[in-house]
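Data first, discussion second: the structure below is written as structure tokens.
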Amino acid sequence: MGLNHVDAPGGISLTLGYRDEAALAGAVRALVDAQVASKMTAQDPTLWGPDAEHESSIRLSWVTLAETSRPLVARIEALRAELAADGVDHVVLAGMGGSSLAPEVIAATAGVELVTLDTTDAEQVRSALAEKLERTVLVVSSKSGTTVETDSHRRIYEKAFTDAGIDAASRIVVVTDPGSPLADLATQAGYRALFLAEPHVGGRYSALTAFGLVPAGLAGADISALLDQAAAAAPGLAADSTENPGLRLGAMLGLAHNAGSEKVVLADNRGGISGFGDWAEQLIAESTGKLGKGLLPVVVESVDAPGFADAKRDAILVTIGDLDETHYPASGFGAAVAGPIGAQMLLWEYAIPVAGRLIGINPFGQPDVESAKAAARALLDAPGGQDDDASPEAAAARGVPTFDGVTVYGMPEITSGASSLADVLDRFLALAPASGYVAVQAYLDRLTDDAARLRPLVARKTGLQTTFGWGPRFLHSTGQYHKGGHPNGVFLQILGAVSEAGERQARRDGVAGPPSGAPSEQFGTGSGDLAVPDRPYTLGTLQRAQARGDGSVLGGHGRPVIGLYLWDRAAGLDAIAAALS
């Protein structure tokens with residue numbers, strides 16, 4: 001594998017490894033001859049074929065954001081000063097997917113505090129509520145204005161402010177698209193500020209819109225410098241040149257996919273950007289994962305982690321930062337990408353549509369994102385809701401196996417006759433094909449529940465690329481790929497009791513799970529749960545509906561899914577880790 005390197009405007013440094021350098025050079029030359037970079041910058045919707053033309057025509061305004069978002073800077077800085085004068089300096093963001101991933105990365109890289117609520121886990125939301133409420137401003141961020149998680153957070157915080165004697169309207173800032181229900185509500189309720197985002201930008205390309213800038217800027221990040229970084233990189237990314245890093249990176253990813261290496265393994269290697277892989281994950285998966293094709297992003301802990309150090313021929317190795325010279329990709333495809341965060345975001349936003357053109361998909365559509373949301377909504381609206389026979393509580397009551405405080409549900413052909421949790425996991429993981437992947441999906445508290453340690457354990461045990469996602473956060477990120485991408489994944493859901501009530505009751509009754517016929521409100525919706533004001537469900541109910549809804553959609557697509565329900569979260573995670581080891 002040869003290496004080729006370019007330094008581009010904006011401080012971008014790109015080193016590519018490709019097993020056939022002549023093929024890569026030919027693909028880049030074809031992109032230059034077709035004027036793909038300049039046409040994309042001119043917002044030409046024809047680049048991805050007639051089927052993609054309508055969607056592309058309303059999704060390309062991200063190419064100009066480095067300039068068109070400039071007026072936001074002064075307004076955000078003025079609002080931050082106003083809030084500070086009122087003693088309000090603790091910023092909480094309620095948002096999902098593109099409304100949360102970019103501002104979280106921007107704030108973390110800048111070293112400023114931003115509390116991000118992209119969860120339906122009651123434990124995590126309750127912890128956020130308990131912190132500095134008297135100094136809190138809530139940024140409610142939703143492109144559609146109807147995101148159920150974000151609406152739930154708004155309702156919970158509005159009640160908490162009011163109960164504390166705080167004028168709730170003065171503590172809520174809204175970011176949404178023009179004409180959305182949330183925009184109307186913000187005006188009617190007199191919320192502190194309303195920011196209308198550029199509507200012709202999809203969520204995963206919205207880092208430099210109000211969705212990325214308002215929360216990060218209120219938290220104290222230098223958003224003017226962020227836009228400067230993107231503006232400095234823009235000329236090189238718009239150029240029809242073989243030195244254009246967006247064309248080069250996109251060509252490598254597209255060619256690698258078409259050669260059978262469809263998994264992009266991302267590792268930080270002194271890149272200086274905190275959590276960049278989490279942001280890139282949505283951009284890559286939602287843009288490319290459809291029609292049975294796509295690039296699966298796999299974010300790993302380091303270049304020495306399972307999945308990177310031992311990657312097989314199905315993987316493209318990408319470091320954010322320095323080139324990793326210790327691991328040679330078996331596929332022959334690799335990259336090292338360095339540069340400031342604003343420049344890198346724009347680089348990847350150019351590169352992924354280029355890859356989409358080579359793969360043959362519409363990078364701006366997301367046909368499978370809504371299916372899991374619809375399934376969750378149907379469960380919430382169904383008579384009996386949380387108490388139907390598909391719930392982990394009901395499953396345990398029916399004698400579905402429970403091992404070491406972990407109830408296993410789904411796929412009776414896997415669970416029937418199993419002797420231990422390790423036996424169940426062995427049977428299930430064996431369903432993954434040799435070139436497939438495992439997705440671990442944890443509907444838990446991502447700040448305190450140590451579930452991410454399971455990713456390298458599964459990867460090491462199976463030798464397969466293994467992704468880890470916090471639910472329901474991943475539904476707005478990799479969820480599109482899971483349903484629409486390559487059909488070679490298996491899916492392990494992990495849910496947990498909201499409090500220890502269920503575990504304590506089970507111990508009192510002398511059983512591993514809940515006693516037969518026990519009311520489900522004792523298990524997973526106990527005293528630790530949070531009601532959603534003016535809605536007929538709690539966060540715990542919503543969380544389980546999201547897991548079950550996504551599981552049903554995956555099952556409908558023929559994807560293997562099992563669930564593990566933890567009656568005690570810490571003990572359950574320890575039991576899973578032991579079973580995997």
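The values are calculated or read from the model by the stated rules, or taken from the named source; none is laboratory data. Just so you know, these numbers come straight off a predicted model, no measurement behind them. Using ideal geometry, Cβ is built from the backbone for each residue, glycine included, and neighbour counts are taken over all protein chains shown.
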Within 22 Å of P235 (Cα to Cα) and not assigned by TED's automatic domain parsing to the domain that holds L283: does that describe R80? no
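Does F523 count as aromatic (F, W, Y), modelled with pLDDT of 95 or more and in contact with a Phe, Trp or Tyr (Cβ under 9 Å, 6 or more places away or on another chain)?
So F523 does not fit the description; no.
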Limited to region 404-437, what total is found for residues that are modelled with pLDDT under 95, at negative phi, surrounded by 21 or more Cβ atoms within 10 Å (Cβ to Cβ) and of a type outside the set (V, I, T)? 1
Among the residues in region 116-136, are any within 17 Å of G217 (Cβ to Cβ), touching a strand residue (DSSP E or B) at 6+ places or on another chain (Cβ under 8 Å) and of a type in the set (A, V, I, L, M, F, W, C)? no
So, in region 151-203, how many residues would count as being in contact with a helix residue (DSSP H, G or I) (Cβ under 6 Å, 6 or more places away or on another chain), of a type in the set (K, R) and part of a helix (DSSP H, G or I)? 1
Is at least one residue of region 175-188 at pLDDT 95 or above, under 17 Å from E77 (Cβ atoms) and more than 23 Å from the chain's Cα centre (by Cα)? no
Pick from region 79-103, criterion surrounded by 24 or more Cβ atoms within 10 Å (Cβ to Cβ) and in a helix (DSSP H, G or I), ranking: farthest from the chain's Cα centre (by Cα): P103
Cβ-Cβ under 8 Å, sequence separation 6+ or interchain: first residue in region 427-439 and under 18 Å from K263 (Cβ atoms), partner among the small types (G, A, S) and assigned to a helix (DSSP H, G or I). Which pairs? V438/A459
Could you tell me how many of the residues in region 1-51 are part of a helix (DSSP H, G or I) and either aromatic (F, W, Y) or outside the structural domain of A336 (by TED's automatic domain parsing) (or both)? 1
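Here is a yes/no grid of residues against (1) assigned to a strand (DSSP E or B); (2) small (G, A, S):
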residue: V264; (1), (2): yes, no
residue: G271; (1), (2): no, yes
residue: G277; (1), (2): no, yes
residue: A280; (1), (2): no, yes
residue: L283; (1), (2): no, no
Reported set for region 472-494 where residues are under 16 Å from T120 (Cα atoms), of a type outside the set (A, V, I, L, M, F, W, C), modelled with pLDDT of 95 or more and in contact with a Leu (Cβ under 8 Å, 6 or more places away or on another chain) is Q493
Sole exception among (1) free of Cβ contacts under 8 Å to residues at least 24 places away in the same chain; (2) within 21 Å of E286 (Cα to Cα); (3) surrounded by 14 or more Cβ atoms within 10 Å (Cβ to Cβ) for E55, by number: (1)
